[in-house]
1. Could you please find all residues in segment 312-323 being within 22 Å of the chain's Cα centre (by Cα) and over 14 Å from residue 67 (Cα atoms)?
2. Give segment 322-339 a look and list any residue that's in contact with a helix residue (DSSP H, G or I) (Cβ under 7 Å, 6 or more places away or on another chain) and in contact (Cβ under 8 Å) with a residue 60 or more places away in the chain, or say none.
3. Does residue 340 satisfy the condition of being in a loop (DSSP other than H, G, I, E, B) and under 22 Å from residue 230 (Cα atoms)?
4. Looking at segment 404-413, which of its residues are surrounded by fewer than 18 Cβ atoms within 10 Å (Cβ to Cβ) and either out of contact with any helix residue (DSSP H, G or I) (no Cβ under 9 Å at 6 or more places or on another chain) or assigned to a loop (DSSP other than H, G, I, E, B) (or both)?
5. Quick check: anything in segment 394-403 in a helix (DSSP H, G or I), touching a helix residue (DSSP H, G or I) at 6+ places or on another chain (Cβ under 9 Å) and on the phi < 0 side of the Ramachandran plot?
6. If a residue must be crowded, with 16+ Cβ neighbours inside 10 Å and at pLDDT below 90, how many such residues does segment 424-448 contain?
7. Answer yes or no as to whether residue 159 is under 30 Å from residue 110 (Cα atoms), assigned to a loop (DSSP other than H, G, I, E, B) and within 24 Å of the chain's Cα centre (by Cα).
8. In segment 164-184, how many are over 16 Å from residue 264 (Cβ atoms) and touching a helix residue (DSSP H, G or I) at 6+ places or on another chain (Cβ under 7 Å)?
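The values are calculated or read from the model by the stated rules, or taken from the named source; none is laboratory data. Nothing here was measured: the structure is a model prediction, and the numbers come from that model. Here the Cβ positions follow ideal geometry from the backbone for every residue, glycine too, while neighbour counts run over all protein chains shown.
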């Protein structure tokens with residue numbers, strides 16, 4: 001559902017992922033030279049030398065042959081390494097982490113190398129590079145887009161923390177219905193850029209071509225960086241920005257038909273859409289794209305298990321260890337013993353608690369406004385079990401439409417067979433045209 005792996009799965013699973021807080025006092029030891037030697041050995045194929053710096057626990061889970069598989073898999077998916085550069089370091093009482101920017105042919109990653117007080121590597125993993133350090137993807141215009149039908153402008157939404165956003169208005173000479181587009185989890189920009197894919201730009205331009213205006217905005221963790229969201233609650237992380245955007249839309253009645261305001265949320269955005277609608281109380285309807293109905297702790301474990309099952313037999317022991325760590329963290333969240341100001345997967349422990357306390361299914365059940373729920377049949381992230389819960393909860397209502405697109409994945413791209421995380425790197429199709437037509441027809445139909 002919302003835990004979108006943005007890199008090669010083998011690298012994400014096989015690398016020993018430490019979820020640590022980078023605050024607190026340093027234990028005062030400098031292992032930068034060791035970190036540099038490790039990165040040099042890794043990137044030049046000296047795998048035996050690289051693993052010599054591992055702690056016993058990491059060495060057992062990631063021997064030289066597996067490290068070679070990890071690196072080879074990353075290069076196969078992202079193209080050759082152009083260069084890597086040291087960017088920063090951070091320390092806690094028990095861990096010092098060195099951060100490198102790794103520039104590949106297709107995208108950039110951040111590499112993190114963590115040391116224990118004894119000077120041994122006890123964590124090594126990749127994550128997406130900070131937005132300011134990412135390569136800018138080119139945009140391929142979908143066939144359903146008519147750029148003469150709308151006007152786009154960059155704006156800053158007023159609020160306690162200004163929200164960087166993009167506005168699409170329709171060139172029809174009168175106020176148009178408008179959707180506020182709420183992105184998925186983690187550092188998503190306003191286009192939900194994932195490698196070469198920009199599904200929210202597809203949707204905004206597609207709807208703009210069909211008479212529907214929109215606002216799309218950058219996720220807070222994209223604006224300030226993931227580490228700086230560790231102390232945020234759900235309101236600060238997302239809900240306040242939604243409220244600010246809705247207030248802005250209502251302040252522009254010459255552009256937008258303020259009686260026809262909709263929230264369109266994808267993934268985590270779909271999860272919070274009914275919660276935001278309940279709080280706002282004045283929306284004309286909501287569109288939930290790939291919104292889970294199961295507890296998020298259950299969803300994240302099922303996603304990791306699925307992706308782990310795709311790995312080679314030689315990596316299955318490592319996969320088991322990684323899944324056990326994820327299950328342990330999820331269990332702590334369920335028992336509310338996970339630290340509130342530490343990050344897990346996409347947000348702080350407090351955000352996880354707030355999402356648990358705000359039941360999205362119950363919120364949707366309490367709404368009386370029209371709802372459109374869309375699902376991809378090839379989606380391994382939000383699955384049929386979620387759709388069936390929504391069907392049971394809302395399916396008998398006359399103003400609720402639930403639709404499954406058999407051949408589409410989590411990004412609503414066509415394909416064959418169940419999707420996997422590497423597909424997002426290779427499937428360059430835009431959001432499928434019939435999805436845009438269904439959304440636009442549903443919105444316009446409510447105004448007739």
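1. Residues satisfying the conditions are 322, 323.
2. Hits for segment 322-339 are 322, 339.
3. Taking the combined requirement at face value, the residue satisfies it.
4. Residues satisfying the conditions are 406, 407.
5. Looking for residues that are in a helix (DSSP H, G or I), touching a helix residue (DSSP H, G or I) at 6+ places or on another chain (Cβ under 9 Å) and on the phi < 0 side of the Ramachandran plot, one finds at least one in segment 394-403, hence yes.
6. Residues that pass the stated criteria total 3.
7. So residue 159 fails the test.
8. Number of matching residues: 2.
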